[in-house]
1. Here are a few candidate values for P(r) over Cα pairs in 20 Å bins from 0, in percent: (i) 24, 43, 20, 8, 4, 1; (ii) 21, 29, 20, 23, 8, 0; (iii) 31, 61, 9. Which one was actually calculated from the structure I just gave you?
2. Suppose we keep just the DSSP beta bridges with both residues in the chain; what percent of those would be antiparallel, to 5?
3. Report the residue, chosen from Ser183, Ser51, Ser199, that carries the largest GNM mean-square fluctuation when the chain is represented by alpha-carbon nodes joined by springs under 10 Å.
4. What do you get for GluC sites (Glu not before Pro) in segment 254-306 restricted to DSSP loop and a cutoff of at most 15 other Cβ within 10 Å of the site's Cβ?
5. Could you tally up the Lys pairs in segment 198-303 with alpha carbons closer than 16 Å? Skip any pair fewer than 8 positions apart unless they're on separate chains.
6. Between Ala63 and Ser51, 0.36 nm times their residue separation minus their Cα-Cα distance comes to what?
7. Below 8 Å, C-alpha to C-alpha, sequence gap of six or more: please give me the relative contact order for the chain in percent.
8. Would you order Leu291, Leu114 from fewest to most other beta-carbon atoms within 10 Å of each residue's own beta-carbon?
Amino acid sequence: MNSEIKTGLIFGVIIAAGLVMVGMIFASLDEKVDTSTVFEEANSLSNIDKSKFKKAPELVGIANYLNTTPEELSREIEGKVVLYDIWTYSCINCIRTLPYITAWDDKYSDQGLLIIGIHSPEFEFEKDPDNVRIAIEKHGISYPVVMDNDMETWKAFENRYWPRKYIADHEGFLRYDHIGEGSYQETEKIIQQLLEERSIALGIQMDSTSSFVDIEEFQHSMFRTPELYFGYKFAQNRNQLGSEEGFQPGKTISYSEPDSIDLHKFYPVGDWKNYDDSMELVSDEGTIKLLYNAKEVNIVTENNAELEILLDGKPLPAEYSGKDITNGNILQVTEAGLYNIINSDTSSSHLMQINVSGKGFQMFTFTFG
């Protein structure tokens, strides 16, 4: 190869390398411009197409207003970012979300967030305003709670779940929807974004924050017993009652001791009356037996009673004692609602026996974690 060709190749390589370098520089510049454009568009209210969002429905059929009045709530909701929390106070999944919701209320209420608890009851006793007042005081709820006893607002939201969170922006458009527990940081991020959007639209100075509420999230057992219903209507199409007598709507049944006990089924013993949502103990004393798998067991009950809890044939050990067990292995039921009777660090299978003293005691559900 002669010197002229070599020189030409060298110059060609240099030119090609130069073109690559220039291309890389311009590519880098393009990336910065694109990122800036996306940021500006995301923060430009004129570029948010709200035609795809639905407006939050009106609160309808409200039986009671707690922590507020109809007139006060109507004024408060105007121009606010609104988190609608559909819940009921005996639902364990709802209760687990409340520390986050009350913390968001404390953190963001002064910045334009309004939280409205829509209390849509699952059971009849949850329609009593005194019961709901006790619950909101217990859980430190200071934001407005409306009692949707006839489920009219529930239907207006086209809802089917407890709990469910909807977030509407300051113009009333629903911008977020979450079913069940979890996704707390995702939900809080939406709150922050919609509050920022509101501040820009209204020309309000707002302290920017990207931090999140720091609360340890409950970790569910991967394999656990499903919720068990004592009411024949609620348990419809579910094979949950293990007793051979079965459900007999409206009748008082003498349930006998079971010959064997299957996992994920409950067995009442004694005289129990069958209701659509519960069973009521008609005899002075009765028993409930259950073979379950979980790390947490809760019951939903009504009417005063004393419950003695046995686990695997022995008095409930301290390491399994639930938060509402106050005296060894005894639980005192004094008000209608949810009680935690088993609380342990790991999921395991156990035979539980509940000896009930208290005629008129009603049992609605077992729930597990």
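1. Here the calculated entry is (i).
2. Details: 65 of 77 bridges.
Looking only at bridges with both residues in the chain, the antiparallel portion is about 85 percent.
3. Comparing Ser183, Ser51, Ser199 in the GNM, the peak value goes to Ser51.
4. Numbers: sites: Glu280, Glu285, Glu296, Glu302, Glu306; in loops: none.
Listed in order of number, the matching sites amount to none.
5. On the way: Lys233/Lys251; Lys233/Lys273; Lys251/Lys273; Lys265/Lys289.
Number of lysine pairs found: 4.
6. Details: separation 12, 0.36 × 12 = 4.32 nm, distance 3.27 nm.
Once the chain is fully extended between Ala63 and Ser51, it gains 1.0 nm.
7. Working: 702 pairs, mean separation 52.7, N = 369.
Rounded, it is 14 percent for the chain.
8. Details: Leu291 18, Leu114 21.
With the sparsest Cβ surroundings first, the list reads Leu291, Leu114.
No value in this document is a laboratory result; all are computed from the given coordinates. Just so it is clear, the structure is predicted and the values come from calculations on it, not from any experiment. Glycine also receives a Cβ, built like all others from the backbone with ideal geometry; neighbour counts cover every protein chain displayed.
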